[in-house]
Structures are given as C-alpha cells and as structure tokens.
Amino acid sequence: MYDRQPACRVRQLSGISYCKHSTGRMPVIHERMQTRTIHLAIGVFVIAVFLLTGYHMRFHIHHLMEASDRFRFSLRGNHLYILFLGLINLGLGAYLRISQTIWRAYLQLVGSLMILAATILVIIAFFFENKESLDRPFTLLTVVLALIGTVLHAISSFQQSKKS
C-alpha cells in the first residue's frame, strides 16, 4: 500500500501554498519555503563559524584553555558540536526531499525546525554558557534537539513496505 494524496486545489495564503483536502489544509512546503536552501545556507554559515571559533580558541583564549582542563574540554566539546550541526545542515541541504505525504512533511518540518534551533543554541552556548560548571543546559538542549530532529527526519523517510 502506498501513501498517496488525493488531487487538491492549491491556494495561496500569506505567502505559503496550501493544498485543500477533506482533512484540512496542508502546507506545500517545497514550493515556497525552500527548506533545502535554508539548510544549505545555514550549513555553510555554521562551518564558517566553526572555523572562526577554532581561530578564536587558538589565538585569543589559548592561555585560558591551558589553565583549566574542564574549560578546555567544555570549549572543545561545544566547538565540535558546532561542526556536527553544520554538517547535519549541509547534509539536509544537499539531500532533503520534502515528502508529498502530509504527516511525513510535517515531521520533516518539525525536525528541520528542531535542528535549526539546536544550531542557534550551540553557537550561543559556545560563547555564553559557563564552561567551568558540570551543569550545561544549553549544550544538553542542543544535543537533545539535534537528536530528536534527526530521528524525525529518519522516521519521515521510512516507506511502507509493499505487501504481496
């Protein structure tokens, strides 16, 4: 059994195309929002931020990193999370295909929003979160959002198997 949507009339409301079904409105995300382009642009930007934070660690705060192992490990961890989220965004920007199935498209949208929020939070955490403490709520939230967003994208990509 395949997931197919009935034919629909496309309407424009506030800049987003909507497909009117008997079940309600479904935003046709791939027509107006350009999710792939957003992820690609954010991914390139975050890789540039990764390079700049590496430069910052090496040439501006290196003396602080030598003084405290906890500070050095926390800062390097956040630095690697920036790379991690930049690569996730680049991967989504290169390969994301928005599903035509309503629930899968919504899962992809929510997953993308979670990954974009995690990307912003990890950059904030790099500069503003306390590195001397074991309690690092921004970093924890970043990892959780990235995990859930990636899992939602994975769930939306599973196809139902054809039964014989």
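The values are calculated or read from the model by the stated rules, or taken from the named source; none is laboratory data. These numbers come from a predicted model, not from an experiment. Here the Cβ is made from the backbone with ideal geometry for all residues, glycine too, and neighbour counts use every protein chain on show.
Overview of values
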| read-out | value |
| --- | --- |
| Residue within the stretch 51-61 that is in contact with a Ser or Thr (Cβ under 7 Å, 6 or more places away or on another chain), assigned to a helix (DSSP H, G or I) and among the β-branched types (Val, Ile, Thr) present | no |
| Odd one out for Ser133, checked against (1) in a helix (DSSP H, G or I); (2) free of Cβ contacts under 8 Å to residues at least 40 places away in the same chain | (1) |
| Search result, residues across the stretch 65-89 that are among the aliphatic types (A, V, I, L, M) and crowded, with 16+ Cβ neighbours inside 10 Å | Met65, Leu75, Ile82, Leu83, Leu85, Ile88 |
| Residue selected from the stretch 125-142 under the condition more than 17 Å from Leu92 (Cβ to Cβ) and surrounded by 14 or more Cβ atoms within 10 Å (Cβ to Cβ), by the criterion nearest to the chain's Cα centre (by Cα) | Leu141 |
| Cβ-Cβ under 7 Å pairs, at least 6 apart or on other chains, the stretch 44-59 side within 22 Å of Ile88 (Cβ to Cβ), far side β-branched (Val, Ile, Thr) | Val46/Ile82; Val46/Thr119; Val49/Ile82; Val49/Ile123; Phe50/Ile82; Thr53/Ile82 |
| Failed criterion for Phe158 (all others in (1) without any contact (Cβ under 8 Å) to a residue 24 or more places away in the chain; (2) under 15 Å from the mean Cα position of the chain (by Cα) hold) | (2) |
| Some residue of the stretch 106-128 being modelled with pLDDT under 95, out of contact with any Gly (no Cβ under 7 Å at 6 or more places or on another chain) and assigned to a loop (DSSP other than H, G, I, E, B) | no |
| Residues of the stretch 62-96 that turn out to be in contact (Cβ under 8 Å) with a residue 60 or more places away in the chain and either in a helix (DSSP H, G or I) or on the phi > 0 side of the Ramachandran plot (or both), as a count | 10 |
| Filter result for the condition that a residue is in contact with a strand residue (DSSP E or B) (Cβ under 8 Å, 6 or more places away or on another chain) and aliphatic (A, V, I, L, M), over Ile102, Ile98 | Ile102 |
